[in-house]
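The values are calculated or read from the model by the stated rules, or taken from the named source; none is laboratory data. On a predicted model such as this, the values are computed, not experimentally measured, just so you know. Here the Cβ positions follow ideal geometry from the backbone for every residue, glycine too, while neighbour counts run over all protein chains shown.
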Amino acid sequence: MSQTKPAYKRILLKLSGEALMGDDQFGINRDTIVRMVDEIAEVTRLGVEVAVVIGGGNIFRGVAGGSVGMDRATADYMGMLATVMNALALGDTMNKAGLTARVMSAIGIEQVVEPYVRPKALQYLEEGKVVIFAAGTGNPFFTTDTAAALRGAEIGAEMVLKATKVDGVYTADPKKDPSATRYSKITFNDAMTQNLGIMDAAAFALCRDQKLPIKVFSIFKHGALKRVVMGEDEGTLVHV
Ligand SMILES: Nc1ncnc2c1ncn2[C@@H]1O[C@H](COP(=O)(O)OP(=O)(O)O)[C@@H](O)[C@H]1O
Ligand SMILES: O=c1ccn([C@@H]2O[C@H](COP(=O)(O)OP(=O)(O)O)[C@@H](O)[C@H]2O)c(=O)[nH]1
């Protein structure tokens, strides 16, 4: 019998930037963002405190800029600014859907969004507001997955939920190897030694050291977020 109470009090949800594109080639697909917000609203109604780290790959990816000759750190700052745009769009959609969202940025951009201040973020969460962390870690050469691990640890989240384009961690990249099979759970050390490309090593290492489990699941599967929050069998658990 499935339980009726959520399994977690506070979660850190990492939303892929690329998934915001929906079926479009780039940018933010309206129906996709509205649907994601509906699913987040559903779990907040269960009393779960939700913090979000949003990616930026739908708008800009630092490695892409770097690969065409742009200075990598400059390209990464552009990537961080892309996450700010996504965070503003997500926050606006949440506010229109009746949630109260607060966007906090890791890089100073005060006229646009408030800066990340940890005690303030904790206060918002306790008040039932959804906090959206923008600009990743604020540092080049990192990813928003690492930002999710970092903020998740900082706010005392019980789990990092990585909502992405695939429905879990596979033995190999399922987009390249159709014979790859999905793990229902895997340890951090196994994921790292097998170089599974679903998340970068910095994010895995931080979560491992902080004993912060990660759930990888599909952003496209309706109801998957709620199922994860309810502790049901969904996606892949990465654990110590
Ligand atoms: N072992 C693996 N299991 C699952 N996905 C993998 C694996 N290796 C690579 N991937 C790829 O990782 C992608 C998700 O990671 P990433 O591009 O960082 O997503 P996001 O846009 O959510 O940050 C998937 O689309 C998948 O193709
Ligand atoms: O702490 C961070 C987070 C992000 N980025 C840059 O922002 C881009 C977008 O983030 P990411 O690729 O993680 O987004 P997603 O894969 O979720 O769309 C990255 O490629 C980096 O260039 C960065 O430099 N530092």
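Taking the numbered list (1) more than 16 Å from ligand 2 (Cβ to nearest atom); (2) in a strand (DSSP E or B); (3) under 15 Å from L15 (Cα atoms) in turn, F217 passes all entries but (1). The numbered conditions (1) of a type in the set (F, W, Y); (2) in contact with a Leu (Cβ under 9 Å, 6 or more places away or on another chain); (3) away from ligand 1 (no atom under 16 Å from the Cβ) are all true for F60 except (3).
Taking the condition within 13 Å of ligand 1 (Cβ to nearest atom), without any contact (Cβ under 8 Å) to a residue 60 or more places away in the chain and touching a Gly at 6+ places or on another chain (Cβ under 6 Å), does N29 pass? For N29, the condition - within 13 Å of ligand 1 (Cβ to nearest atom), without any contact (Cβ under 8 Å) to a residue 60 or more places away in the chain and touching a Gly at 6+ places or on another chain (Cβ under 6 Å) - is not met. When the residues of segment 164-184 are filtered to those that are surrounded by fewer than 18 Cβ atoms within 10 Å (Cβ to Cβ) and of a type in the set (V, I, T), which remaining residue is farthest from ligand 1 (Cβ to nearest atom)? By that ranking, first place goes to T181.
In the set (1) within 23 Å of I214 (Cα to Cα); (2) near ligand 2 (Cβ under 10 Å from one of its atoms), G79 fails one condition alone, (1). Contact map, segment 54-65: residues that are on the phi < 0 side of the Ramachandran plot and in contact (Cβ under 8 Å) with a residue 60 or more places away in the chain paired with residues that are more than 12 Å from ligand 1 (Cβ to nearest atom) and not in a helix (DSSP H, G or I), Cβ distance under 8 Å, separation 6+ or inter-chain. Pairs shown: I54/I132; I54/F133; I54/A134; G62/P140.
Among the residues of segment 116-125, is any under 21 Å from L225 (Cβ atoms), within 16 Å of ligand 1 (Cβ to nearest atom), modelled with pLDDT of 95 or more and not hydrophobic (A, V, I, L, M, F, W, C)? Let's see the steps before the verdict.
Our first condition is that a residue be under 21 Å from L225 (Cβ atoms); within segment 116-125, this holds for 121, 124-125.
Now narrow it down to the ones that are within 16 Å of ligand 1 (Cβ to nearest atom): none.
No, segment 116-125 has no match at all.
If I filter segment 142-163 for residues that are surrounded by fewer than 23 Cβ atoms within 10 Å (Cβ to Cβ), within 11 Å of ligand 1 (Cβ to nearest atom), of a type in the set (D, E, K, R) and assigned to a loop (DSSP other than H, G, I, E, B), do I get at least one hit? Checked against the condition, which is being surrounded by fewer than 23 Cβ atoms within 10 Å (Cβ to Cβ), within 11 Å of ligand 1 (Cβ to nearest atom), of a type in the set (D, E, K, R) and assigned to a loop (DSSP other than H, G, I, E, B), segment 142-163 yields no hits at all. Contact map, segment 134-148: residues that are free of Cβ contacts under 8 Å to residues at least 40 places away in the same chain paired with residues that are assigned to a loop (DSSP other than H, G, I, E, B) and small (G, A, S), Cβ distance under 7 Å, separation 6+ or inter-chain. Pairs shown: T137/A106. Against the numbered list (1) out of contact with any Asp or Glu (no Cβ under 6 Å at 6 or more places or on another chain); (2) modelled with pLDDT of 95 or more, M104 comes up short only at (1).
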